[in-house]
1. If you average the alpha carbon positions of the range 158-186 and of the range 642-672, how far apart do those two centres end up, in angstrom?
2. What percent does the relative contact order of the range 38-123 come to when contacts are Cα pairs within less than 8 Å and at least six residues apart?
3. How far, in nm, would the chain grow between Ala62 and Trp271 when pulled straight, counting 0.36 nm per residue and subtracting the alpha carbon separation?
4. Could you work out how far apart the two model spin labels at Ser582 and Ala530 are, taking each label as a point 7 Å from the Cα in the direction of the beta carbon, and quote it in nm?
5. Report the label-to-label distance for Ser11 and Glu602 in nanometres (one decimal), using points 7 Å from each Cα along the Cα→Cβ vector.
6. Highest mean first, how do 625-636, 254-265 rank when packing is the count of other Cβ atoms within 10 Å averaged over residues?
7. Note down, for the range 269-544, the three equivalent ellipsoid semi-axes (square root of 5 times each alpha carbon gyration tensor eigenvalue), biggest first, whole angstrom.
8. How much mean residue ellipticity at 222 nm does the chain get from its helices, if each DSSP H run of length 4 or more adds -39500 (n - 2.57) and you divide by all residues, to the nearest 500 deg cm²/dmol?
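No value in this document is a laboratory result; all are computed from the given coordinates. The structure displayed is predicted, hence computed values, not measured ones. Cβ coordinates were reconstructed from backbone atoms using ideal geometry, including for glycine residues, and neighbour counts include every protein chain displayed.
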Amino acid sequence: MSATAYLIGVSAPCAAAVLGATLPVGRRLLGAALLSAVGCLAALAGAGEVLLSGHPFALHSAEVLPLTGVDVSLDPLGALFVAITAIVGLAVSCYSIGYGAYSNAGRTTTAVLPAFLATLLLVPAASSVATFMAAWELMALTSLLALLGDHRRRSETRDAAQWYAAMTHIGAAAILFGLVLLAARSGGQSFAAIAAHRRELSMPLRSGVFVLALVGFASKAGAVPLHVWLPRAHPEAPSPVSALMSGAMVNLGVYGILRVGEVLLGGGELWWWLLVAALGVTSAFFGALHAAAGTDLKRLLAYSTVDNVGLVLLGVGAAGALQSDGDRVLAGLALLAALFHLANHALFKSGLFLAAGAVQHSTGTRDLDRLGGLARKMPVTAVLFGIGALSISAVPGSNGFASEWLLFEGLLQGFASHSAATQAALLAGVAALAITGGLTATAFVKAIGVGFLGQPRSEEAREANDAAPSMLAGMGILAVACVALGVVPGVALPTFERVAADGLAGGAPHALRPGIGIDLAAARGAIDPALVVAGLLAVFLLAGIAVRFAPRPAQLRHPRRGEVWGCGRELQTARMEITATSFAEPLQRVFADVLRPDRDLEVTHADESRYFAEAISFHQCVDDALERLAYLPVIAAVVSWGRLARRVPNGSVHRYLAFGFAAVLVVLVVLG
């Protein structure tokens, strides 16, 4: 039953792509979206059965790929990623109905989105090198085409697509090289054959393959310093594509690291996982800092994806390091926390991207400095964005808090009886959690306070309207899931615990006690988010009753009323309010050596006297320091070499013969 449901889940989005390319304008959006939603429900049913039963299924077909055929096998680890993708895909399918009608989506855009979704569902079930690489490259191709949906109107979209194409091909080359090395030394290209022969492989070979896989998969996950494509591509992609990229595609980078490092290579050495943890700490801090300093709403969300992927990699690295030290209980707890946070991030970040897309389509801008007052104009979108913001800020009672609390407990409990290197990594992880938590809260206080509260700062914000019902429904699906996993996380945690045990080489014992809250059997730690939420609601209710019915002094019986954001002033205008740029300015001063903001102040003096300023213009840009310092010089060198190389083919036959003679001579010397 699970195999049939999964096959329907992959086939239905493929059929939806055909409908999107062939149906008339009035029907293709609805037809493609409904068929994609059916596919997501079927894939969720198939993956759910594997997760609940623990019994994988395997399929083989020799009629698709020549010579090798297609090998598909869905185990609990892959089923978790399929289930997460299916939930996000279901929400995106609903959202795309209204979004596509508003943006006048063409045939190509309508067809590519479900095709991209189908590849996302296929990658976690691929069980051979050929099948995996075919699915991986199809995912890269369809995501690139989906990103290029608006390339005719925006040159930034073309630039982002070039960066994404380059990084994804570099990553795919590293993954292919590593997997081919494994297949060549294992006597077969199926994942089962590779895992069965891993003990026969030398440790240098296994280490080399892991590093290649880490480079390839970390580039897809958006880990620093391989993240440069992500803050470019996510803001420029259509919002349904951004949601799938951030909520599903980057997850597959983490899946690849776990599949190769734990399942195929059997865990490996301590330094592997310390390297993963170091990538996680660096990514978390770098992403959170840029998110807190940014003013572009979708770019802010893109950098927060780098931040949260870093937290997930931190948990994965801590799990591998604890496993190498022989502590399987805490290793299972750390991996459980990482997988749970990965799922939570997929839910709240997809919802935030969809809400940002609704804001952009209603106002025509992503610049927070030009927004404001949207809570009145777009109340439902504001509430749904607020749920995602509370979740990503790890407010108690949210799903982000539940997973980050689990990760924090796993790191803290791992300090005892472990190697110095592992303790240092865990200490760095605790510090990263604390620092990035504050930076993330700062970023989303800015996003809500500047973007949704206060007064409108532009005519577009004053005339904004709430999103279409189908768009709100898509965001609502994700918001409900966030609330459910935040209030009663214990309902879903046993499933994540089984997946974590299956994902670790050798398994892991139980670390949780059953219940609707979180109760750690392996350590002294427990929390019941439902009681926290109930207590907070009771406090707010009692405070409201007290304010409403408590006796007031005579001077307060007839209070003077004013605007909420007026600070007691009689007149409040939008120019008096804090902007996103000014909100982030103190933080930029503190971290100026990391962010290196580019400021431009232009003063126009009055004609009568230069002592009087007629106008003052201030512009500030925070670019990516790693991109500027590491990538742009390399690109400039390649361009210079390309210009030099164009001088070589000048049409001279003698020069061509000389080049051929030199090449033959070099080959003979090397072979001799």
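1. Spelled out, the Cα-based centre of one part sits 29 Å from the other.
2. Averaging sequence separation for qualifying contacts and normalising by length gives 30 percent for the range 38-123.
3. This chain segment gains 71.3 nm when fully extended.
4. Inter-label distance under the simple model: 4.6 nm.
5. Going from the Ser11 label point to the Glu602 one covers 6.1 nm.
6. 254-265, 625-636
7. Gyration-tensor ellipsoid for the range 269-544: 35, 20, 15 Å.
8. -22500 deg cm²/dmol
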